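Report on the structure given below.
The values are calculated or read from the model by the stated rules, or taken from the named source; none is laboratory data. In this text, all values refer to a predicted model and were calculated from it rather than measured experimentally. Heads up, the Cβs are rebuilt from the backbone with ideal geometry, glycines too, and the neighbour counts pull from every protein chain shown.
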Amino acid sequence: KAGVTQTPRYLIKTRGQQVTLSCSPISGHRSVSWYQQTPGQGLQFLFEYFSETQRNKGNFPGRFSGRQFSNSRSEMNVSTLELGDSALYLCASSLDRGAGELFFGEGSRLTVL
Amino acid sequence: AQRVTQPEKLLSVFKGAPVELKCNYSYSGSPELFWYVQYSRQRLQLLLRHISRESIKGFTADLNKGETSFHLKKPFAQEEDSAMYYCALRSQGGSEKLVFGKGTKLTVNP
């Protein structure tokens, strides 16, 4: 089985722009969650999707949003980028909500200039 | 508030020595605790979870609710154990929201 696939792997944006990141979960996995990883704050939960519905949201401003499609693929969007949004964005999938084991992608590394 | 603390950013031991990576948590309910590991150039992956009570790659971890700890232990460290280790807590059953510690980088020297 292919693992969790995230695209793009690397991207550079400027302040004020917006970005969309994509995540394809492992085939058959229905739950997708997103995490932001920075050197200062570590891994922080962004949101969780199941059955095309956001089930949980972390403590991030409204500029961070996401969605899940009927095939379980997910996208997250960050609008009006700030320098502090520079981070590794990790997507994780699991078979079902609360299944326990998260399978992580390699991440999308966003640099905001 | 839920919090996971890993007091050591770096931990260095010699091959064959015992290793203990510390994890303390702050949560008033009944948490689920996990250890995730990231080897060099690999993805973050689950090592073990407290409810399964397994030993994975020789590692064990016991949940101590009195001390609110979930330390990871291995009696004889191997060079291939060198990696970044993250302790994580899930407070809501049926959710994928994990609260992670900031990680401990373990180096096992030959």
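Within the range B:95-110, restricting attention to residues that are among the β-branched types (Val, Ile, Thr) and within 16 Å of A:GLN41 (Cα to Cα), the residue that is farthest from the other protein chains (Cβ to nearest Cβ) is B:THR104. When the residues of the range B:77-110 are filtered to those that are of a type in the set (Lys, Arg) and modelled with pLDDT under 95, the one that is farthest from B:LEU11 (Cα to Cα) is B:LYS97.
Grab the strands (runs of 3 or more DSSP E) fully contained in the range B:1-63, keeping just those with 2 or more residues being within 14 Å of chain A (Cβ to nearest Cβ) and among the aliphatic types (A, V, I, L, M).
B:32-38, B:45-49
Of the residues that make up the range B:85-94, is at least one within 14 Å of chain A (Cβ to nearest Cβ), over 23 Å from B:TYR27 (Cβ atoms) and surrounded by fewer than 18 Cβ atoms within 10 Å (Cβ to Cβ)? So far as the range B:85-94 goes, no, none of its residues is within 14 Å of chain A (Cβ to nearest Cβ), over 23 Å from B:TYR27 (Cβ atoms) and surrounded by fewer than 18 Cβ atoms within 10 Å (Cβ to Cβ). Go through (1) loosely packed, with under 14 Cβ neighbours inside 10 Å; (2) touching a helix residue (DSSP H, G or I) at 6+ places or on another chain (Cβ under 9 Å) for B:PHE70 and report which single condition fails. Condition not satisfied by B:PHE70: (1). The set of residues in the range A:58-75 that are touching a Gly at 6+ places or on another chain (Cβ under 9 Å) and either more than 11 Å from A:VAL32 (Cα to Cα) or in contact (Cβ under 8 Å) with a residue 60 or more places away in the chain (or both) contains only A:PHE64.
Apart from one condition, B:PHE76 fits all of (1) in a loop (DSSP other than H, G, I, E, B); (2) away from every other protein chain (no Cβ under 14 Å); (3) surrounded by 15 or more Cβ atoms within 10 Å (Cβ to Cβ); the exception is (3).
Within the group A:PHE69, A:PHE50, which residue is among the aromatic types (Phe, Trp, Tyr) and either in contact with a Ser or Thr (Cβ under 8 Å, 6 or more places away or on another chain) or surrounded by 15 or more Cβ atoms within 10 Å (Cβ to Cβ) (or both)?
A:PHE50
Residues in the range A:54-85 that are among the small types (Gly, Ala, Ser), in contact with a strand residue (DSSP E or B) (Cβ under 7 Å, 6 or more places away or on another chain) and either farther than 30 Å from B:SER52 by Cα or more than 10 Å from chain B (Cβ to nearest Cβ) (or both): A:SER65, A:GLY66, A:SER72, A:SER74.
Within the option set A:SER94, A:SER65, being modelled with pLDDT of 95 or more and of a type in the set (Ser, Thr, Tyr) holds for one residue only, A:SER65.
Looking across the range B:34-59, just one residue is modelled with pLDDT of 90 or more and in contact with a Pro (Cβ under 9 Å, 6 or more places away or on another chain), and that is B:GLY58.
Here's the yes/no breakdown for (1) over 10 Å from the mean Cα position of the chain (by Cα); (2) within 13 Å of chain B (Cβ to nearest Cβ):
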site	(1), (2)
A:ARG9	yes, yes
A:GLY16	yes, no
A:LEU21	no, no
A:TYR35	no, yes
A:GLY40	yes, yes
A:PHE47	no, yes
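In the range A:86-102, the count of residues that are more than 14 Å from chain B (Cβ to nearest Cβ) and surrounded by fewer than 20 Cβ atoms within 10 Å (Cβ to Cβ) is one or more.
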